[in-house]
Each structure stands twice: as C-alpha cells, then as structure tokens.
Amino acid sequence: MVKKLAHVCIGSSNLDATRKFYCGCLGLKEHFNFIKEGKNIGTHLEICHGSYLEFFTGNPKIHEDNVIRHICFEVGSIDELIERLRKDGYEVTDKKMGTDKSWQAWTSDPDGVKIEFHEYTLTSSQMTKKDCVLS
C-alpha cells in the first residue's frame, strides 16, 4: 500500500539555478547529490521529512519529455512568499482565491516547470473535503 509521495523527478538544465530557486528562494534543503564519474549530475531536495524533489541534469530534451503539468506547494503565508519571489527577481502572479477556496499564486522554475502555491483557508476543499465544483 502507498504511504506517501516519496519524490517527483524533474529534469534540470542547470543544477545551480535549480538550487538557487528551490533552496535559496523557496527554502527547501539539499538532502544529497547524485555523483557520476566524479560529476554532480543530480540532487535530492527535501520539502519536509520524507518528501523530496529530485532533479537530474544532462537530458537535452527536458521540455519535450516533461509531462508534469505543475507542482503545488502548501505555504504558510502566500503574501510573504510572493514578496520573497519578487525580491529575488522571479515573476509570480498576484494571489487569487481558487475555486477550492484556497489562496493561490503561480510561478515557474528555471526550466519552466509550473509551480502553484496554496495557502489553505478554513473553507478550503483540502480542509473540508467538500468537492470543488468548477464552472
């Protein structure tokens, strides 16, 4: 039986830019690296205990092979996150209330992977388990 999501693997064209975005700006922690023939070809970044994003470089067809529609992170303060992203030079949408009654904002990582951020409210579908009806 599945216990939890272990990791999502994403291609990276530049591991330094990937680390700067995910660790420097979003606060993830580098957990370990993948070394091949003495060269760092990947990294495992910890979101929280036991939950990771995994990045590998060296694939010239990253965007052709990318089937991830987006990654969504829950955040404590969407306003603080938006301020931090903009301060660090990243484009991010203004926050808006989603149909699931969660605050949301969007950006992209250095390789164009869409990132959604949620700040849950007491009426969020994620909290109430009520269906989110799309119009």
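Table for the structure above
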quantity: Residue check, F32 farther than 13 Å from D111 by Cα, among the aromatic types (F, W, Y), in a strand (DSSP E or B) and at pLDDT below 95; calculated: yes
quantity: Odd one out for D79, checked against (1) under 30 Å from D131 (Cα atoms); (2) over 17 Å from the mean Cα position of the chain (by Cα); calculated: (2)
quantity: Selection from the stretch 97-117 of residues that are among the hydroxyl-bearing types (S, T, Y) and touching a Phe, Trp or Tyr at 6+ places or on another chain (Cβ under 7 Å); calculated: S102, T107
quantity: Residue count, the stretch 93-104 (criterion: under 17 Å from the mean Cα position of the chain (by Cα) and either farther than 23 Å from S125 by Cβ or not in a loop (DSSP other than H, G, I, E, B) (or both)); calculated: 2
quantity: Inter-residue pairs, beta-carbon under 9 Å, first without any contact (Cβ under 8 Å) to a residue 40 or more places away in the chain and in the stretch 1-24, second basic (K, R), 6+ apart; calculated: C23/K29
quantity: Search result, residues across the stretch 1-45 that are of a type in the set (V, I, T) and surrounded by 12 or more Cβ atoms within 10 Å (Cβ to Cβ); calculated: V8, I10, T18, I41, T43
quantity: Qualifying residue in the stretch 89-102 (condition: more than 25 Å from A6 (Cβ to Cβ), without any contact (Cβ under 8 Å) to a residue 40 or more places away in the chain, surrounded by fewer than 17 Cβ atoms within 10 Å (Cβ to Cβ) and of a type in the set (A, V, I, L, M)); calculated: yes
quantity: Test: residue in the stretch 113-124 that is within 21 Å of L53 (Cα to Cα), in contact (Cβ under 8 Å) with a residue 40 or more places away in the chain and surrounded by fewer than 18 Cβ atoms within 10 Å (Cβ to Cβ); calculated: yes
quantity: Qualifying residue in the stretch 108-122 (condition: at pLDDT below 90 and at positive phi); calculated: yes
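The values are calculated or read from the model by the stated rules, or taken from the named source; none is laboratory data. This one's a predicted model, so the numbers in the text were calculated from it and none came from an experiment. Note: ideal-geometry Cβ built from the backbone for every residue, glycine included; neighbour counts use all protein chains shown.
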